[in-house]
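No lab work stands behind these numbers, since they all come straight from the coordinates. Keep in mind that this is a model prediction, so the values were computed, not measured. Every residue, glycine among them, receives a Cβ derived from its backbone with ideal geometry; neighbour counts consider all protein chains shown.
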Amino acid sequence: MIANERPLLELEGVKKSYPIKRKSLTFKKDYIHAVNGITLDIMARETLGVVGESGCGKSTLGRTILQLETLNEGSVKFKSQDVSKVSKAKKMQLKRDMQMIFQDPYASLDPRQKVGRALEEPLLIHTKKTKSERQTKVNQLLKEVDLTEEHAERYPHQFSGGQRQRIGIARALALDPQFIVCDEAVSALDVSVQAQVIQLFQSLQENHDLTYLFISHDLSVIRYISDRILVMYLGNMAELAPANVLYNYPKHPYTKTLLSAIPSFTVNERKERLKLKDTDEKNGPVTGCPFEPRCPMAKDHCKTLIPEWREINPGHFVACHEV
Amino acid sequence: MGKSHAELEGTQIVEKKQPRSLLNEAIRQVLRNRLALISLVVILIQIFMAIFAPWIVAHDPLAQNLSATYLSPGSDGHWLGTDQYGRDVWSRMAHGARISLFVGISATALGLIGGTILGLTAGYFRRLDGIIMRILDLMFAFPNILLALLIVAILGPSIVNTIIALSIWAIPSIARILRSRVLTVKKQEFITAQRSIGASYPRILFKHILPNCTAPLIVVGAMEIGTAILATAALGYLGLGAQPPAPEWGAMVSEGQEYMFNAPHLVLIPGIVIMISVFAFNLFGDALRDALDPKTDINK
């Protein structure tokens, strides 16, 4: 990473909340803050991993960046242009530059559409290629994800999970994007297939200069693929660090607990499993640290003060009073 | 990576069954179900009767012969007998199939078009959902036959107006079924995937959502034809459908009931045929529902 290079993607205080229920008398809406203020730079050609338990807003973050959800506050800048404030033509260009790969390869392909057709569709929407040019591109895409030309004539249900996920990858690659959000892209796959797909991600990154936002709850996968890792808790940033730093020197109590939950396979190396406090109050207090209700290290001031996002070492950020 | 991924992982799946279209799959399933097969045969006989009516009967359905009235079924030259004017019942039944099927199919087709437009709109555009569904609820609140009577009463009794009335009758249920299907399909990830590659609304709506809604539409269409045939007969019976002397099944029952005790076949034959025909369409619709059930077919 070159220090003075401009980041590919700049997130500035991104917030996304959903109304949950309206109290009928007061007409006051309650909101759940799925993403609650994310400020982050993503450099070109890096893989930023995002981890967190389910419901912590990591998928929403990915979708918000791709404009599949409209953000409530803050801004997302891709190559210095605010994605929510661009002209329609530019918006289409952004759709080409930023793509998404989905978790469930069964659900993310239209069951009534042949694979070749599914891969052709982005080309139909965005380019003026002729039929034979599209055909060539489709075949090239299939080849790139280790499928063959005959596969184009099949329906999604005739493929295995791993193959289907490769089709999803091929579709995302069709428009030569620069940035791809991989939303739990390997979580639905068998472990053996996971490894192959992850390797595919890596070789594609090299060949196409791709930048990934890799969302997963799987700590080993994230560690393997990411350059830097962001740990999220209830829509907030808990810790951000280069992958090996985060795994070897976790600072935030939440990160520590997560890492201690990775099963270990050697008897001697038994780690002490850290436990979180159980609480129903998962939404966290409005005033203090969002993690405070479950934090084993919580002190009194955690209830009242929101922890600052501090850089404790170069490139290692954490939001906790006790670090 | 020495071997390609496809070799490593996919060989066992690659040689799976040939792609089968929705239609193929449905036909295969229906042929396996005996009841469905019987109903299909009945429907085909009816269609055959309707198309070839002028060639398979010996008598003009309107030709009166006052010297041969009230003949019982099995009489010489009139195997289903004759009515009070000496008209050949078989000939009238065959020509009646034309009216019933024509009205049933065209009313259903119109209803499907209207219901599809409303259902897609209501399901996809949430803003319009409330308005459209409340209007449909209003139509649901009317007893169907009353609604049809009302429309025919306003427009005047005729076959064309019967078709209009029955298609309006069919719209609410079709629109509702389609809407609920659209709501399910629209939440699926492949729709989000289409949005993320920048697909326009019409493209998503017509190329991705609608094709995934065809199964319930076909099923409800088949059922709706049966309902429409029954309703045509009901309107005919009440004198608001096809006008005499047109050989309409419902009207035949209505005309025949005066002579029910002397010549019961005048009521029984059209009555039973109406029943069989409606029953066949409903059975067939049921079988199609099983054959096309998205839970059993799409992801298999």
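Diffusion coefficient of region B:99-202 by Stokes-Einstein, Kirkwood radius over Cα pairs, 20 °C, 1.002 mPa s: 143 µm²/s. Across region B:154-171, coupling constants 3J(HN,Hα) worked out from phi with the 6.51/-1.76/1.60 Karplus curve, θ = phi - 60°, read 6, 7, x, x, 5, 5, 4, 5, 4, 4, 4, 4, 6, 5, 5, 4, 7, 4 Hz, and Gly and Pro carry x. Would you please give the residues with an amide H less than 5 Å from that of A:CYS182, counting only those at least 5 places away or on a separate chain, with H modeled from the backbone geometry? For A:CYS182, whose amide H was placed from the backbone, the distant partners under 5 Å are A:ILE101, A:LEU213, A:PHE214, A:ILE215.
Under a 5 Å amide H cut-off, with hydrogens placed 1.01 Å from N, A:HIS316 pairs with nothing among residues at least 5 apart or on other chains.
If you take each beta carbon of peptide A:157-164 and count the beta carbons of other chains within 10 angstrom, what is the mean?
Per residue, the number of nearby Cβ atoms from other chains is 5 on average.
When DSSP beta bridges are restricted to pairs lying wholly in region A:149-268, around 55% turn out antiparallel.
Ellipticity at 222 nm from helices only: DSSP H runs of n ≥ 4 in chain A, each -39500 (n - 2.57), divided by the residue count, give -9000 deg cm²/dmol.
The radius of gyration of the Cα set in chain A, together with its Dmax, comes out at 21.0, 68 angstrom. Applying the Karplus relation 6.51 cos²θ - 1.76 cosθ + 1.60 with θ = phi - 60° to region A:91-97 yields 3J(HN,Hα) values of 4, 5, 5, 5, 4, 6, 6 Hz, where x marks Gly and Pro. The aspartates and glutamates within cross-link reach of A:LYS275, meaning a Cα-to-Cα straight distance under 20 Å and a gap of 8 or more places when in the same chain, are A:GLU53, A:ASP218, A:GLU239, A:GLU292, A:ASP300, A:GLU322. Within chain A, the longest segment free of exposed loop sites, counting GluC sites (Glu not before Pro) that fall outside DSSP classes H, G, I, E and B and have at most 11 other Cβ atoms within 10 Å, spans A:6-268.
How many percent of all Cα-Cα pairs in chain B sit more than 37 Å apart? Display every interim value, and only then the final one.
Numbers: 13376 of 44850 pairs.
Here the tail beyond 37 Å accounts for 30 percent of pairs.
Under the definition of partner shielding as Cβ atoms of other protein chains within 10 Å of a residue Cβ, what is the mean value for peptide B:198-209? Walk me through the intermediate numbers first.
Numbers: counts 13, 6, 1, 0, 0, 3, 1, 0, 0, 6, 5, 1.
For peptide B:198-209, the averaged partner shielding equals 3.
Which value, in debye to the nearest 20, describes the size of the charge dipole of region A:182-261 about its Cα centre when Lys and Arg Cβ atoms bear +1, Asp and Glu Cβ atoms bear -1, and nothing else is charged?
Numbers: 4 positive and 8 negative charges, 79 e Å.
Its charge dipole is roughly 380 debye.
Comparing A:HIS33, A:HIS217, A:HIS208 in a Gaussian network model of chain A (Cα springs below 10 Å), the most mobile by mean-square fluctuation is A:HIS208. Dipole magnitude for the protein assembly as shown: computed about the Cα centre from +1 point charges on Lys and Arg Cβ and -1 point charges on Asp and Glu Cβ, it is near 1160 debye. Computed over region B:185-300, the range of Cα coordinates on each principal axis works out to 72, 29, 16 Å, biggest value leading. Working note: 222 nm ellipticity from helices only, DSSP H runs with n ≥ 4, each -39,500 (n - 2.57), summed and divided by the residues of chain B, gives -22500 deg cm²/dmol to the nearest 500. When the listed pairs A:LYS85/B:LYS187; A:LYS77/A:LYS128; A:LYS58/A:LYS129; A:LYS128/B:LYS207; A:LYS16/A:LYS114; A:LYS16/A:LYS256 are checked against a 31 Å cut-off, the alpha-carbon distance exceeds it for A:LYS58/A:LYS129; A:LYS16/A:LYS114.
The alpha carbons of region B:205-246 stretch over 48, 15, 13 Å along the principal axes, in descending order. Using θ = phi - 60° in the Karplus curve 6.51 cos²θ - 1.76 cosθ + 1.60, the 3J(HN,Hα) couplings for region A:108-119 round to 8, 10, 5, x, 9, 10, 5, 4, x, 5, 5, 6 Hz; x is entered for Gly and Pro. Between the alpha-carbon centres of region B:72-128 and region A:198-218 there is a gap of 60 Å.
Expressed as a whole percent, the proportion of Cα-Cα pairs in the protein assembly as shown lying more than 46 Å apart is 38%.
Listed by chain and number, the aspartates and glutamates placed with their C-alpha closer than 20 angstrom to that of B:LYS186 are A:GLU69, A:ASP104, A:ASP110, A:GLU121, A:ASP183, B:ASP129, B:ASP293, B:ASP297; residues fewer than eight positions away on the same chain are left out.
Across chain A, the mean sequence separation of Cα contacts (distance under 8 Å, 6 or more residues apart), normalised by length, yields a relative contact order of 19 percent.
Altogether, the Stokes-Einstein calculation at 25 °C and 0.890 mPa s, with the Kirkwood radius of region A:154-233 over Cα pairs as Rh, returns a diffusion coefficient of 185 µm²/s. Taking the Kirkwood radius as Rh and the Cα radius of gyration as Rg, region B:53-149 has a ratio of Rg/Rh equal to 1.31. For the segment A:58-68, counting C-beta atoms of other chains within 10 Å of every residue's C-beta and taking the mean gives 1. For A:LEU305, the residues whose amide H sits under 5 Å from its own are A:CYS289, ignoring neighbours fewer than 5 places away on the same chain, with H placed 1.01 Å from N.
Taking R0 as 41 Å, what's the FRET efficiency between A:VAL86 and B:ARG134 from their Cβ-Cβ distance, rounded to 0.05?
Values: r = 38 Å, r/R0 = 0.93.
It comes to 0.60.
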